[in-house]
Amino acid sequence: MLLQMVSTVSNSSLLQPGFSLLNFDGHVFFFGQKGWPKRSCPTGVFLLDIKQDELKMKPVFFSKDSCYLPPLRYPALCTLRSDARADEYQYIIHGGKTPNNDLSDKIYFISLVSKTSKKITFQCTEKDLGGDVPEARYGHTMNIVHSRGKSMSVLFGGRSYTPLAQRTTETWNSVVDCLPSVFLIDFEFGCCTSYLVPELQDGLSFHVSIARDDTIYILGGHSLQNNTRSPNLYRLKIDLPLGSPAVTCTILPGGISVSSAIVSQISDNEFVLVGGYHSDNQKRLACNTIVLEDSKIEIVETVGPEWTPDIKHCRMWFGCDMGKGSVLLGIPGANKQIIPDANYFYILRCKGAEDKEEELITQTCSQTSSEDPGDSTPFEDLEEFCFSVEANSFDADDADTYNEDDEEDESETGYWITCCASCNIDINTWVPFYSTELNKPAMILCSSGAGHWVHAQCMDLSETMLLRLSEANVKYFCNEHIDLNKGLQTPQKVMCLKKPPMKPLRKKKTMKLSTSTKKSFLRRLFE
C-alpha cells in the first residue's frame with residue numbers, strides 16, 4: 001500500500017466532514033457541504049478535480065426540470081442500473097442532515113445529463129414512496145440486490161431524533177438508534193416494505209455493507225443503546241420471486257468490532273477494509289482483505305501502509321472509497337492554520353490499484369461518518385464524511401475552478417454577520433426562530449449613522465413587533481444605539497395653536513314700562 005499526501009488549493013475549507021461523493025464516468029462530484037450553498041454554486045454540487053496532487057473544485061449545474069437538492073450530510077447512497085450489466089446508472093440518495101440539523105426522509109435520483117469541458121449538467125428528481133416508508137435518518141446504508149431478474153433497494157440502520165412524544169428540554173436534540181428493520185424498496189412501483197428478522201436485535205449505524213447479487217454482508221457498526229461496536233458479521237439474503245419477497249439473515253463467524261470503516265474494491269471478488277474506530281477515542285490502524293466466493297466470505301488481516309506521525313497521533317480521521325483500490329483519508333488541520341477548519345488529505349493506494357480499469361458489478365456502501373461535536377454521545381465527536389472518488393484529472397479550463405476568494409464574504413456582508421456583542425447567530429447551528437424564516441435569519445436595518453443590519457432575534461423582537469416594523473415607515477434603532485439616539489435627538493419644536501379671543505356677549509337692553517302704560521296695553525289687547 002502506498003500513502004500519498006494531497007494538497008488543497010484555496011478552497012480547502014469547503015472540504016469538511018459530512019460530504020458525500022458521486023462518481024460518473026471516472027469523474028468525482030460531491031455535495032452536502034456544511035452550510036447552505038453560496039451564489040457561485042447554488043446547486044451545492046462540485047466536480048472534485050485532482051491534478052498533480054492538487055485538489056480543486058468546480059461548480060456543477062442542474063437542468064431546468066430538476067428539483068431542489070438540499071446539502072445533505074451523512075445520507076445513504078448507492079447506484080441504480082436498469083440491469084446488473086448496464087453501463088448507464090444513476091445515484092440514489094436517501095436521508096441525511098440539512099444545515100439546520102433537520103433530518104430528511106426523502107429520496108432523490110441524480111443522473112448525468114451532459115458533460116463538456118466547460119459545463120457539467122445533472123438532473124435531480126425526487127421520488128415519492130408509499131407503504132412502510134423509512135423514517136428520516138442518517139448514518140445508514142443502502143444497496144441494490146438482483147434476484148430472479150428483478151432488482152430492489154435494501155435500506156438498513158441509521159440514527160434519528162428522539163420521537164416528539166418522548167422529548168424533554170434536556171434531550172430535545174438527542175438521537176437514538178433506528179429500529180433494526182430491513183426495508184425493501186421497489187422504485188418501479190414506488191412501494192416500501194419493512195421486515196424484522198430475529199437475528200438483528202440492536203440498531204446499527206456507521207457500518208459497512210457489501211452487496212453481491214442477492215446477498216448483502218453487514219460488518220461492524222455502532223449501537224447507541226449499548227454503546228458497543230458489533231463484532232457480528234451478518235449475511236442478508238433477498239429472494240425476489242413472483243409473490244412476496246423473502247428476507248433471511250444469518251450470523252457468520254469472523255466479524256470485526258469496528259465502526260466508520262472504509263471498504264475499497266480491488267478486484268471482482270476482493271476488497272480492502274481500512275480506517276474506522278475500535279472505541280470512541282481509539283482509531284483502528286489495521287487493514288483487512290475481504291474475499292467473496294460464491295456464498296462464502298473470508299476476512300483476513302493484511303499489511304497496512306506506513307502511517308505518518310500526524311495520522312498516528314491525531315484523535316480522529318475520516319475518508320471514503322475512491323474506487324479502483326484507492327481511498328481518500330483526511331485528518332484535522334492544526335489550529336494555527338491560516339484557513340480555519342482546514343484538513344489534511346491523503347490518498348491510500350491499495351494492492352491492484354495499478355491494474356487495468358474495469359467496471360465492477362459488486363457494490364459497496366459504508367458510512368464513514370459520525371456526528372458534530374456537542375451532540376449526545378462522545379462517539380459523535382468523531383465527525384467524518386464519505387468519499388467515493390476517482391483520482392483522475394478532468395481536463396477542464398482552470399478558469400471554471402471554484403475559488404472561495406471570488407465569493408462575496410457572507411460573514412461580513414450577508415446574513416451570518418456578528419451584528420452585536422451578544423450575537424449568537426451561527427450558520428452551522430442556526431434554526432428558524434420566526435415563522436417567516438426559511439433558510440436565513442430575519443434582519444432589520446438600524447438607522448444609526450450610515451445604517452447597519454442586525455438580526456431581529458438578537459434584538460429580542462417579537463414576531464408581532466417585527467411585522468409591524470416591516471410594514472410601518474418608521475426608523476428603527478438597535479439596542480446599542482437606541483439610548484445614544486435619544487441623547488442626540490433634538491426635541492421637535494411644538495407650534496402653539498393661536499385661537500382668536502372670544503367676544504363677550506352684550507346684554508340686551510330692556511325697557512321699563514309704567515303701570516298706566518301696561519294697563520293701556522292690556523286694554524287694547526283684549527278689545
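The values are calculated or read from the model by the stated rules, or taken from the named source; none is laboratory data. Since the model is a prediction, treat every value here as computed from it, not as a measurement. Heads up, the Cβs are rebuilt from the backbone with ideal geometry, glycines too, and the neighbour counts pull from every protein chain shown. The accessibility values were calculated without ligands, DNA or RNA, using every heavy atom of the protein model including side chains. Shrake-Rupley method; radii C 1.70, N 1.55, O 1.52, S 1.80 Å.
Quick notes on this structure:
- Given (1) within 27 Å of Gly323 (Cβ to Cβ); (2) under 21 Å from the mean Cα position of the chain (by Cα), number of the condition Val154 does not satisfy: (2)
- Residues that are surrounded by fewer than 16 Cβ atoms within 10 Å (Cβ to Cβ), in a loop (DSSP other than H, G, I, E, B) and out of contact with any strand residue (DSSP E or B) (no Cβ under 7 Å at 6 or more places or on another chain), drawn from region 450-479: Ala450, Asp460, Ser462, Ala472, Asn473, Val474, Lys475, Asn479
- Selection count, region 275-298, where residues are touching a residue at least 12 places away in the same chain (Cβ under 8 Å) and within 24 Å of Asn227 (Cβ to Cβ): 12
- Note on region 149-191: residues that are among the charged types (D, E, K, R) and modelled with pLDDT of 95 or more total 0.
- Cross-chain or 6+ apart pairs with Cβ under 9 Å, region 307-334 first and among the charged types (D, E, K, R), then part of a helix (DSSP H, G or I): Arg315/Asp381
- Region 24-65, residues that are hydroxyl-bearing (Ser, Thr, Tyr) and open to solvent by 30 Å² or more (accessible area, probe 1.4 Å): Ser40
- For region 159-208, filtered to residues that are among the polar types (S, T, N, Q) and more than 22 Å from the chain's Cα centre (by Cα), the residue that is farthest from Leu236 (Cα to Cα) is Thr169.
- Counted as qualifying within region 209-261 are the strands (runs of 3 or more DSSP E) with 1 or more residues that are of a type in the set (D, E, K, R) and either open to solvent by less than 40 Å² (accessible area, probe 1.4 Å) or without any contact (Cβ under 8 Å) to a residue 40 or more places away in the chain (or both), namely 233-239.
- The single condition among (1) touching a helix residue (DSSP H, G or I) at 6+ places or on another chain (Cβ under 7 Å); (2) open to solvent by less than 70 Å² (accessible area, probe 1.4 Å) that Gln123 does not satisfy is (1).
- Whichever residue in region 270-323 is outside any strand (DSSP E or B) and of a type in the set (Phe, Trp, Tyr) and, among such residues, is least open to solvent (accessible area, probe 1.4 Å): Trp317
- Pairs where the first residue, in region 69-98, is in a loop (DSSP other than H, G, I, E, B) and the second is surrounded by fewer than 16 Cβ atoms within 10 Å (Cβ to Cβ) and among the aromatic types (Phe, Trp, Tyr), C-beta under 8 Å, 6+ apart: none
- Evaluation of Glu199 against the conditions (1) touching a Phe, Trp or Tyr at 6+ places or on another chain (Cβ under 8 Å); (2) more than 30 Å from Tyr161 (Cβ to Cβ); (3) of a type in the set (D, E, K, R) shows that the sole unmet condition is (2).
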